[in-house]
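The values are calculated or read from the model by the stated rules, or taken from the named source; none is laboratory data. Note that this is a predicted model, so its numbers are computed, not measured. Cβ sites come from the backbone with ideal geometry, for glycine too, and all protein chains shown count toward neighbours. Each accessible area value is taken on the protein alone, full model and side chains, heavy atoms only, with ligands, DNA and RNA left out. Shrake-Rupley method; radii C 1.70, N 1.55, O 1.52, S 1.80 Å.
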Amino acid sequence: MRNILVATDFSDVSKNAVKYAASLSEYLGATLHLLNVYESTLYYTAEMPYTAVESAEKLAREEAEKKMEHLKASISKSFPGLSLETEIKRGVSAESITDFADHINADLVVAGATGAGVVERTLIGSTTTAIINKSKKLVLIVPEGIKFEGVSKIVYATDLHDDNIQAANDLALFARPLNAEIVFLLVDNKIRTDSEELSEEMSERIHKHVKYPKISGYVCTDPLVTNGIDLFVKKSNAEMVCMLTHHRKFPRMLWDKSLTTKFAYHTHVPLLVMHAAEV
């Protein structure tokens, strides 16, 4: 992993994501790119003189530059050996962030999220959701207050479909330099009598298609999938959860009301989002 991009609006939540991304970048020996996308707060009308428009744009830019310099100095002081680049752009946040990620060939895009209630208050209709939906890069959502202290275990929530199994090889590229174990987790929301057979099938398929030495698989039962994931993550002391999304299916799959009771359960660990290949 060579380039990690973290988007910041200079809020406390995004600054926490920056610190997490800086620690991760330092650990991996990657270059960290700090990006702020600002939007002018002034609503223009046809009657306004161009000088007023120009002045507002200049003021917004200068304010962003001042905050970025302060953040850069803070990160450089805390991580003196870190390769650090900064960029400020004017535009629509999600589009500018995903375009810049493509421009620098980012391996990972990092964004922050607030604590309990993250889905309703921060992700729905937010820049973070837009990044997830628009970007084809790995996206890491960092909850409020989380610090990077290494990643030894990543829980990969899977439905055992072929695309989920195959995508685990991409997850392995992320997990390998961290020396992290990938724990496949199937949450069965139905009462079954063939759980042992299901576990054996899961193990066979994983080991057949995923070429990574540190893997394991578990099946647990819970009527709420997100609750099952949360309980397992807490029990296993995993530092990260990973999910595979499909661009067109993602909002319905992850945020519909039944699952939404829900993803706030997962805010105590970062969420790594992989994107399925478009068909």
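Among 220, 242, the order of accessible area from largest down is 220, 242, computed with a 1.4 Å probe on protein heavy atoms.
Solvent-accessible surface (1.4 Å probe) assigned to residue 212 amounts to roughly 20 Å².
Each of residue 87 and residue 163 was given a label point 7 Å from its Cα along the Cα-to-Cβ line. The distance between the two points is 2.8 nm. Residues 82, 108, sorted by accessible area with the largest first, give 82, 108 [1.4 Å probe; ligands and nucleic acids excluded]. Could you sort out which of 67/153; 58/147; 19/89 sit more than 31 Å apart by Cα distance in this structure? Pairs exceeding the cut-off: 67/153; 58/147. Between residue 209 and residue 105, the contour length at 0.36 nm per residue exceeds the Cα-Cα span by 34.7 nm.
Shown is the FRET efficiency for residue 173 and residue 221, computed with R0 = 41 Å from the Cβ-Cβ distance and rounded to the nearest 0.05: 0.85.
Among 27, 156, the sequence by solvent-accessible area, most first, with a 1.4 Å probe is 27, 156.
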